Amino acid sequence: MSNPIIMLAGLPGTGKSTIAKRLEDRLDYDLHSLLKVKRYFGHKRYRPKQNRAVLQELYERTEQSIQRGKGVILDSNYSTQVGRQTVYEIAKNYGVDVLVMECYNSEREAKRRMRQRPTSDGLVVEPRDTKAYDKIAQRWQDINQDFQLFQSVPISYVRYNSETNYLQEMQVNPKVRQLVDRIKEIIKS
């Protein structure tokens, strides 16, 4: 049995990339992020027409990691069920669990973090304009609904408040219990 996929979801500025890096360093999982793939392709700014190729590359990398027996951390906002569906399908095809880790904090803190991000080095970077937060927040779909829509996939769900450094268990399957406990240790350290 392969390691579960850890899918980091959340609005911009909620700490997804920060916790992803901490998890990658401590869990020996492969980290694949939408931003890294866009930079790999040399994208200078966000363009929706590039999404198909970027997502295809992201999910090919995910499958390659799973085939090598590696755990995977996916870092993107995953704001909609459609966006999360592909990850669930990959997990189902390979017989692995998905641990959705929703990162959140106050809107004020998220927008403060966004404004403090580095400026572009010539390639696309994380958004600094807080309008991106508002846009994604408007289309956000509750992760709890995924349990009804994707019943054939073993999904576990935790919420991580990056402001208070608190991990709340929403629904944790026994097969990922050890991983969730390990993540709690990482968060505390």
Virtual paramagnetic centre 7 Å along Cα→Cβ of N161, amide N under 15 Å, in the range 100-128:
102-110
How compact and how long is the chain, expressed as Rg and Dmax of its alpha-carbon atoms in Å?
15.8, 45
Straight-line reach from K44: which lysines have Cα under 24 Å away, leaving out those fewer than 8 places along the same chain?
K16, K21, K36, K111, K131, K135
Positive-end extreme of charge dipole, the chain - chosen from N105, Y40, V87 (charges on Cβ)
Y40
Distant-in-sequence amide H partners of V100 (H built 1.01 Å from N, under 5 Å)
M7, S156, Y157, V158
I'd like the distance separating the alpha-carbon centroids of the range 96-165 and the range 1-61, in whole Å.
12 Å
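Each reported figure results from applying straightforward, stated rules to the coordinates on display, with no laboratory input. The model shown is predicted, which means the values in this text are computed figures rather than measured ones. Please note: Cβ atoms are built from the backbone with ideal geometry, for glycine as well, and neighbour counts cover all protein chains shown.
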